[in-house]
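Below you'll find the structure, written out as structure tokens, and then a few comments.
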Amino acid sequence: SIIQANGGSTSANHARRLAVTTVNSGPAGGVVAAAFYGRRNKRPRIVSVDMGGTSFDIGLVEGGVSRVTTEGAFQGLPVKIPIIDLHIIGAGGGSIAWIDRGGALNVGPHSAGAEPGPACYGRGGVEATVTDANVVLGRLNPDNFNAGRMSLDRDAAHRAVSAIADQLGTTVEEAALGVVRVVNANMIKGIATVTIQRGIDLRDFSLLSFGGAGGVHAVDIARELGMAEAVIPPLPGTFSAIGLLV
């Protein structure tokens, strides 16, 4: 079976004939899993956020059901099929920090991607990313990353963020905290676009945060939005795959 953009499933043959029905179906799996998890844990109203390496995918669950629209888009093109209502912005663990011409700190939408990845991965990346900032701040354990399968290079993260600090005229730690605050602000604005600006009161919602980087930022985001709680599900790095199963 193949998951569809609307969160349902179809056969491989049907997906081959109508490939458009699989647009954004991977991220849709995350919202399906969030709805399933919410129903099982008596949390019918959820804002689901998937923070991976390059993007931050925002979905809405009400009454235990994900919201579906026919006004979707993919790569800037309209997609007129039933599709889970997802708002995607360029914010993730690999999002690159940079200084604009006015001297202001920005984060994303460009990403270091999987290769070379953040500087702390030791794969040749030299630009400061959100993950590097979290390493500098001690929010990630460099000696027990990826369930202990990988160690992070503290010095490389420090060097990358130092380049930003030099341009800002701050300490490395202050620059790292600035990177985290800017990416959080970007994600908060993205959530507000699909909730508060539509008249939805977030105080009644749980923030369900998954993806490889989501848990590090979830509490800050929920607190800033006045939400009651931040929930981190089991196996958050593979949570979208759980949506394929359920």
Q | Label selected from [x] 42.5, 167; [y] 18.5, 58; [z] 31.3, 92, the criterion being Rg and Dmax of the Cα atoms in Å as computed here | A | [y]
Q. Considering only DSSP beta bridges whose two residues both sit in the chain, what percent are antiparallel, to the nearest 5?
A. 75 percent
Q.
At 24 angstrom or more along the helix axis (alpha-carbon based) and mean Kyte-Doolittle of 0.5 or higher, what helices does the chain contain? Whole DSSP H runs only.
A. 172-194
Q. So how do 186-198, 32-44 stack up, highest first, on mean other-Cβ count within 10 Å?
A. 32-44, 186-198
**Q.** Exposure rank, largest accessible area first [His110, His158, His87, His217; 1.4 Å]
**A.** His110, His158, His87, His217
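What FRET efficiency comes out for the pair Arg223/Ala19, r = Cβ-Cβ distance, R0 = 35 Å, nearest 0.05? Intermediate values should be presented prior to the final figure.
Numbers: r = 41 Å, r/R0 = 1.18.
Taking R0 as 35 Å, the efficiency between Arg223 and Ala19 is 0.30.
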(Q) Please list Ile99, Ile88, Ile221 from largest to smallest accessible area, probe radius 1.4 Å, with all protein chains kept in place. (A) Ile88, Ile99, Ile221
Q.
If I compute solvent accessible area with a 1.4 Å probe over the protein chains, what percent of it on the chain is carbon and sulfur?
A. 51 percent
Q: Go through Arg149, Arg203 and list them by solvent-accessible area, largest first, probe radius 1.4 Å.
A: Arg149, Arg203
Q) Between Arg203 and Arg159, what FRET efficiency follows from the Cβ-Cβ distance if R0 is 30 Å, with the result rounded to 0.05? A) 0.10
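Given a 1.4 Å probe, how much area per residue of segment 1-147 is accessible, in Å²? Kindly include the intermediate steps, with their values, before the conclusion.
Values: 7080 Å² over 147 residues.
Using a 1.4 Å probe on heavy atoms only, each residue of segment 1-147 averages 48 Å².
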Q. Computed FRET efficiency, Cβ-Cβ of Ala114 and Lys42, R0 30 Å: what is it to the nearest 0.05?
A. 0.25
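The values are calculated or read from the model by the stated rules, or taken from the named source; none is laboratory data. Keep in mind that what you see is a predicted model, and the values were worked out from it rather than measured. As a convention, Cβ positions derive from the backbone with ideal geometry for all residues, glycine included, and neighbour counts pool all protein chains shown. With ligands, DNA and RNA removed, areas are computed over all heavy atoms of the protein, side chains included. Shrake-Rupley method; radii C 1.70, N 1.55, O 1.52, S 1.80 Å.
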